[in-house]
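I have placed the structure first, in the form of structure tokens, so that the comments after it can refer back to it.
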């Protein structure tokens, strides 16, 4: 595998000749083919489990468990979805999660974006101390129990605010937003705004915010997904079943009989069937609970590279 | 309101400010503070909510870490009761579970760290080789997707897939589920972890790779470089600083196995391989109410992580001049 050698020999004769480089050598072709195959394999490996969940949720449970479902749904059945939609626990969890997510993301953005803007202003001298105060928390934390006792003394246990307040501000997301402001809002804009008599408030709301759609979308998505997928908060701080968010309801339904399952293979025909049926409900639940993310994904996706890269390069 | 805004803004020119501050060097600290707040009170309004949240929800628990050196007292709560020194740490080091928990934590996190670190680099180098931008964004879109799936759903998928006999993967592994096999726990953990995050984690390298000057490739080609040599001599050196920084950050989580996924994957059969520091802290702290003891274990964990972070930072500073502090 040394594709460089034949090319080197050819170029040795005419180092300035562009045509030489444009001809791909045999080695380069081989590398191309290998790269293509590896990437195709990766795409299939990532995509197939997801695709399988989708088709399995629409297929008859027996077809799934006997391995007849491979590329397309077989023996189409919506029984699983009917059961899922009848389940009151799911609806309640859904409602709770929607409330926590929308309120939580709104608070997140209101706290994070102005803070990132203020800390992006170079003339604001205290920013170094504040940044140190913030970044230190990324590497050292009090841990689970002191946090738990704090929530207890703040009366946040079994309260919906425990989903919103403790995580209201993520230093990581603030740094991404700050890098965006530093690199993408030209200093001339601030100068011009000042000449026009704009205060920092005016500059932020009238000029910076309208230019920052991409970063607000990306940061908003991070927070949104964080809230939607949050399982830890419900597990640690919520005892009241009616307040549990979707993920904790899912855990109860999806993983409740995990230990029995791993114990031994189901043998009797009856348990087999109920097992298969339970699996179909699970596929349905997975789809229903992930649906909102699947719906917003294509709209937000184009911002990813932009948003993440800004954070990545400067952060 | 508008009028005050304008007045402040007019005073807020940087030249003006600096001049003022210079000229007022001899004035009292209070006077200078007054000027500072007059110029920047609006920025303070922006930043104060975030400072408040960090102080309350990050620094108060840090202050509460003293509980590790004190007996828990229900009347004092976070600050703890009678000081007992390092008793709870000794209790942890003498705990019959200590060795098992520590080995499990290190084993699971090292596998995940190493594999989860290498895989995105390789994937980014591969994706960077794609010529067509449509294909490129297709591959990226697909590989990012699993990152957004919740841990509960991922673990449920693992459960269903590994159902003995009928599951997508379970049918290849005989009559008992691999999820109940202690030896299979670590591989299943890190492979699913890489599967979920490899695409997302390679974005940062793709960003670095996109900054390569095309002229550099041209020059290398003229020097006779083939595809592999371009990767070896252009792409890899380009992402090396990013690799260094990320490696430091990762070193800070040598004992930082995520709690959720391990907790969800745990069952009575694999517990000997799956009990890690964070799940043990949860079990004896939140479930058994031994607050001081579990705070001590948590603190031990944080300190070890912080030590490794500092060590990596120090080495990287000496070797390559890139560091986070």
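The values are calculated or read from the model by the stated rules, or taken from the named source; none is laboratory data. As the structure is a computational prediction, the values presented were derived from the model and not from experiment. FYI the Cβ positions are ideal-geometry reconstructions off the backbone, even for glycines, and counts take in every protein chain you see.
Condition first: facing another protein chain (nearest Cβ under 9 Å), assigned to a helix (DSSP H, G or I), in contact (Cβ under 8 Å) with a residue 24 or more places away in the chain and surrounded by fewer than 20 Cβ atoms within 10 Å (Cβ to Cβ). Can you find one or more residues in region A:118-135 that meet it?
yes
Being more than 25 Å from residue B:195 (Cβ to Cβ) and either modelled with pLDDT of 80 or more or surrounded by 13 or more Cβ atoms within 10 Å (Cβ to Cβ) (or both): is that true of residue A:13 here?
For residue A:13, the condition - more than 25 Å from residue B:195 (Cβ to Cβ) and either modelled with pLDDT of 80 or more or surrounded by 13 or more Cβ atoms within 10 Å (Cβ to Cβ) (or both) - is not met.
When residue B:312 is evaluated against the numbered criteria (1) touching a residue at least 60 places away in the same chain (Cβ under 8 Å); (2) at the interface with another protein chain (Cβ under 10 Å from one of its Cβ atoms), which criterion, by number, is the only one it fails?
(2)
Can you tell me which of A:103, A:72, A:92, A:85 is within 27 Å of residue A:233 (Cβ to Cβ) and exposed (fewer than 13 other Cβ atoms within 10 Å of the Cβ)?
When all the criteria are applied, what remains is A:85.
Restricting attention to region A:136-145, and to residues there that are free of Cβ contacts under 8 Å to residues at least 60 places away in the same chain and at the interface with chain B (Cβ under 8 Å from one of its Cβ atoms), which single residue is surrounded by the most Cβ atoms within 10 Å (Cβ to Cβ)?
Here the answer is A:145.
Counting only residues that are within 10 Å of chain A (Cβ to nearest Cβ), give me the helices (runs of 4 or more DSSP H) lying completely in region B:212-300 with at least 2 of them.
B:214-222, B:227-230, B:236-251, B:259-265, B:277-282
Looking at residue A:3, is it modelled with pLDDT under 80 and within 11 Å of another protein chain (Cβ to nearest Cβ)?
The answer is yes for residue A:3.
Can we say residue B:39 is in the same structural domain as residue B:239 (by TED's automatic domain parsing) and surrounded by 13 or more Cβ atoms within 10 Å (Cβ to Cβ)?
When the stated conditions are applied, residue B:39 does not pass them.
When region B:57-70 is examined, which residues are found to be within 11 Å of residue B:295 (Cα to Cα) and in contact with a helix residue (DSSP H, G or I) (Cβ under 6 Å, 6 or more places away or on another chain)?
Scanning region B:57-70 gives B:61, B:64, B:65, B:67, B:68.
Tally the residues that are over 14 Å from residue A:279 (Cα atoms) and part of a helix (DSSP H, G or I), restricting the search to region A:51-81.
1
Test residue B:191 against the stated conditions and say whether it is crowded, with 20+ Cβ neighbours inside 10 Å and out of contact with any strand residue (DSSP E or B) (no Cβ under 6 Å at 6 or more places or on another chain).
No, not satisfied.
Quick check on residue A:188: is it more than 15 Å from residue A:105 (Cα to Cα) and more than 9 Å from every other protein chain (Cβ to nearest Cβ)?
yes
Which of the residues spanning region A:24-38 are without any contact (Cβ under 8 Å) to a residue 24 or more places away in the chain and in a helix (DSSP H, G or I)?
Residues satisfying the conditions are A:26, A:29, A:32, A:33, A:34, A:35, A:36, A:37, A:38.
Just to verify a result, which residue in region A:152-173, among those that are surrounded by fewer than 22 Cβ atoms within 10 Å (Cβ to Cβ) and part of a helix (DSSP H, G or I), is nearest to the other protein chains (Cβ to nearest Cβ)?
Out of the qualifying residues, it is A:153.
Filter region A:39-63 for residues that are farther than 16 Å from residue A:281 by Cα and either in contact with a helix residue (DSSP H, G or I) (Cβ under 6 Å, 6 or more places away or on another chain) or in contact (Cβ under 8 Å) with a residue 60 or more places away in the chain (or both) and give the result.
Result: A:39, A:43, A:46, A:47.
In region A:191-234, how many residues are facing another protein chain (nearest Cβ under 8 Å) and within 22 Å of residue A:97 (Cβ to Cβ)?
5
Mind telling me which of the residues A:109, A:45, A:85, A:78 ends up being more than 9 Å from chain B (Cβ to nearest Cβ), at negative phi and modelled with pLDDT of 90 or more?
Going through A:109, A:45, A:85, A:78 in turn, the sole match is A:109.
Here is a check on your reading of the model: is residue B:86 more than 8 Å from chain A (Cβ to nearest Cβ) and in contact (Cβ under 8 Å) with a residue 60 or more places away in the chain?
In short, no.
Picking from B:139, B:194, B:153, which residue would you name as being within 8 Å of chain A (Cβ to nearest Cβ), touching a helix residue (DSSP H, G or I) at 6+ places or on another chain (Cβ under 7 Å), in a helix (DSSP H, G or I) and touching a residue at least 12 places away in the same chain (Cβ under 8 Å)?
After applying the criteria, what remains is B:139.
On the given criteria, is residue A:50 under 24 Å from residue B:163 (Cα atoms) and either in the same structural domain as residue A:160 (by TED's automatic domain parsing) or surrounded by 14 or more Cβ atoms within 10 Å (Cβ to Cβ) (or both)?
So residue A:50 passes the test.
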